[in-house]
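Peer 1: This is the structure I have questions about; it appears just below.
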Amino acid sequence: MHIAKMSGAVGAEITQVDLTDLGDTGFNDLRDALFAHGMIVIRNQSITPEAHIALVERFGAIDINRFFTPVATHPMIAEVRTSPDMTRVIGGTWHTDHSYDPAPAMCSILAARELPAFGGDTLFASMTAAYNSLSEGLKTTLRGLRAVHSDGSFAQSNVGIEADAKAFKEPVYHPCIIAHPTTGAPCLYVNGDFTTQFEGWSEEESAPLLRYLYAHATRPEYSCRLRWEEGSVAIWDNRLVQHFACADYAGHGRLMHRITVEGSVLSAYTG
Ligand code: SIN
């Protein structure tokens, strides 16, 4: 397996590997690369929906997204579809998958199925780099705070997600700075799609600091840009990164298959 970093803070491109033929050592190397780089893209794969599911199950149990349209033949797979007449896309703002759940999804595995002639890249930003570059004063303040996360933004979605009222759940609380469950690395854990406020603060009081954190966390130097190719499969760790799907291919379609893996309750990073 050949691993090449995509930027200073996040992302690695992996070649010379077949995801359908990974021994235990190969799988462990892949998972270590994920934890080291936050997002990995494996090029030149020929992966059926069954092989996609089998790969995901090596990481853990599948966490079926309750808002996305499932693939008709494989309901464990969520469809991320943009039709040519759409100008907005699923995931077209910086976010963390499933942060509205009490035990948010550990990772997401996205397989390219139909790509536009141009554009449609996905950007990733390192939440460890974002935390590490804050001042000591703000780090200390944030380590003492939890934030509220809600799935309410799906109610206003206009990107083909039609949520059943029963899908919506009560908001949840997560530490603003979490310790990565495997490596212990600190990660900033607030995002613009699902975080509504700090615990004990009003939305109005929270908004200026949250706005600052979102802008800080997605600075170019903490991010990378993934250019999809036919046969690309990307895996990202939702505790280590946020991501953003770029809606710059109006008039063209795009279809991706996404599966998310169950995660655990998140603990605060204590320094
Ligand atoms: C997502 O937010 O999971 C979708 C990412 C993408 O379509 O690039």
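Peer 1: Could you work out [θ]222 nm for the chain from helices alone, using -39500 (n - 2.57) per DSSP H run of at least four and dividing by all its residues? Round to the nearest 500 deg cm²/dmol.
Peer 2: -6000 deg cm²/dmol
Peer 1: Find out how many positive minus negative residues lie around ASP63, taking Lys and Arg as positive, Asp and Glu as negative, among other residues whose Cβ is under 13 Å from that of ASP63.
Peer 2: With Lys, Arg at +1 and Asp, Glu at -1, the neighbours total -2.
Peer 1: From the backbone phi of the stretch 113-121, what are the Karplus-calculated ³J(HN,Hα) couplings (6.51 cos²θ - 1.76 cosθ + 1.60, θ = phi - 60°) in whole Hz, Gly and Pro given as x?
Peer 2: Result, rounded to whole Hz: 10, 9, 10, x, 5, 8, x, x, 5.
Peer 1: Next up: Assign unit charges at the C-beta atoms only (+1 for Lys and Arg, -1 for Asp and Glu), then state the dipole size of the stretch 161-271 relative to its Cα centre in Debye, rounded to the nearest 20.
Peer 2: Dipole of the stretch 161-271, to the nearest 20 debye: 300 debye.
Peer 1: In the stretch 102-252, with Lys and Arg counted as +1 and Asp and Glu as -1 at Cβ, which of these residues, TYR222, PHE194, SER157, has the Cα nearest the positive end of the dipole, that is, farthest along it?
Peer 2: Selected residue: TYR222.
Peer 1: Sort HIS174, HIS252 by Cβ crowding within 10 Å, fewest neighbours at the top.
Peer 2: With the fewest neighbours first, HIS174, HIS252 line up as HIS252, HIS174.
Peer 1: Convert each backbone phi in the stretch 40-47 into a coupling constant with the Karplus relation 6.51 cos²θ - 1.76 cosθ + 1.60 (shift: θ = phi - 60°), then list the ³J(HN,Hα) values in order as whole Hz, x for Gly and Pro.
Peer 2: 3J(HN,Hα) across the stretch 40-47, in whole Hz: 10, 10, 9, 8, 6, 9, 10, 10.
Peer 1: If amide hydrogens are placed 1.01 Å from N in the peptide plane, which non-local residues have theirs closer than 5 Å to the one on SER267?
Peer 2: Those qualifying (amide H under 5 Å, at least 5 residues apart or on another chain) are ALA179.
Peer 1: Determine the dipole magnitude for the chain: charges of +1 sit on the beta-carbon of Lys and Arg, -1 on that of Asp and Glu, nothing else is charged, the reference point is the Cα centre, and the result goes in debye to the nearest 20.
Peer 2: Rounded to the nearest 20 debye, it is 420 debye.
Peer 1: Collect residues whose amide H, placed 1.01 Å from N in the peptide plane, falls under 5 Å from the amide H of GLN197; neighbours closer than 5 in sequence don't count.
Peer 2: VAL148
Peer 1: Can you list the HN-Hα couplings for the stretch 162-179, worked out from phi with the Karplus curve (6.51, -1.76, 1.60; θ = phi - 60°), rounded to whole Hz and with x for Gly and Pro?
Peer 2: After applying 6.51 cos²θ - 1.76 cosθ + 1.60, I find 10, 8, 6, 3, 6, 6, 6, 10, 4, x, 10, 10, 10, x, 5, 10, 9, 9 Hz.
Peer 1: Looking at the chain as a GNM with Cα springs under 10 Å, which of ARG254, ARG43, ARG211 has the largest mean-square fluctuation?
Peer 2: Among ARG254, ARG43, ARG211, the largest GNM mean-square fluctuation belongs to ARG211.
Peer 1: May I pose another question? Which aspartates and glutamates, if any, have their Cα less than 18 Å from the Cα of LYS139, not counting same-chain residues under 8 positions apart?
Peer 2: GLU199
Every read-out reported here was derived from the displayed coordinates using simple, explicitly stated rules and does not represent laboratory data. This one's a predicted model, so the numbers in the text were calculated from it and none came from an experiment. Heads up, the Cβs are rebuilt from the backbone with ideal geometry, glycines too, and the neighbour counts pull from every protein chain shown.
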